[in-house]
Amino acid sequence: MTTSSTPLVIGRVIGDVVDNFTASVKMTVTYGSNKHVYNGHELFPSALTSKPRVEVHGGDMRSFFTLIMTDPDVPGPSDPFLREHLHWYVTDIPGTTDASFGKEVVSYEMARPNIGIHRIVFVLYRQKKRNQGVVVWGPPPPPPPGGCRDGFSTRNFADDNELGLPVSALFFNCQRETASRRR
């Protein structure tokens with residue numbers, strides 16, 4: 001089990017986004033060529049313009065994974081009444097590969113927090129079979145193209161699609177950049 005000293009517990013990812021779990025697969029997330037995601041570290045929106053490379057270091061080519069990228073702090077961490085905001089959703093990622101080999105169900109949207117420091121969370125689930133987690137999307141319904149992604153629940157999504165507990169998760173903090181930081 002994950003202990004109370006782990007970054008996912010301290011950062012309230014366990015509790016706000018997912019239930020307690022034991023990581024069984026390593027996942028790495030990299031923006032650009034060198035911006036690695038580490039639990040609790042900070043990345044600014046200017047570094048997030050392109051979708052990251054998300055590598056799954058586990059399973060084999062016959063194992064498939066679902067990736068969710070979400071922001072549980074929308075519109076602001078002190079009153080996240082739109083929790084969660086879905087930024088990206090990829091399914092059917094073969095083990096030992098990266099998200100580019102999967103099926104992108106909801107396209108990548110960069111994080112652009114307006115108020116406070118937001119947690120941006122990547123959650124990885126092992127699928128029982130290929131094409132699992134593509135059809136069922138519990139309340140709220142899937143966003144229309146260009147529509148609202150607010151109100152998503154990673155926990156409910158996993159339950160509705162019988163994905164079980166996550167096998168890996170990472171998060172970083174992100175906040176609005178001042179004009180001087182973007183230079």
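Below, the figures for the structure above:
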quantity	calculated
Enumeration of residues in the range 14-28 that are out of contact with any helix residue (DSSP H, G or I) (no Cβ under 8 Å at 6 or more places or on another chain) and within 16 Å of His118 (Cβ to Cβ)	Asp16
Residue pairs meeting the criteria (Cβ under 6 Å; at least 6 apart or on separate chains; first among the aromatic types (Phe, Trp, Tyr), in the range 89-107; second open to solvent by 10 Å² or more (accessible area, probe 1.4 Å) and outside any loop (DSSP other than H, G, I, E, B))	Tyr89/Val105; Tyr89/Val106; Phe101/Pro94
Test for Arg83: is it among the charged types (D, E, K, R), touching a helix residue (DSSP H, G or I) at 6+ places or on another chain (Cβ under 9 Å), closer than 15 Å to Phe171 by Cβ and at pLDDT below 95	yes
Selection count where residues are over 16 Å from Tyr108 (Cα atoms), modelled with pLDDT of 85 or more and open to solvent by 10 Å² or more (accessible area, probe 1.4 Å), scope the range 130-160	6
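The values are calculated or read from the model by the stated rules, or taken from the named source; none is laboratory data. Worth saying up front: this structure is predicted, and the values here are computed from it rather than measured. For neighbour counting, all protein chains shown are included, and Cβ atoms are generated from backbone atoms with ideal geometry for every residue, glycine included. Just so you know, the surface numbers come from the protein's heavy atoms only, side chains and all, with ligands and any DNA or RNA stripped out. Shrake-Rupley method; radii C 1.70, N 1.55, O 1.52, S 1.80 Å.
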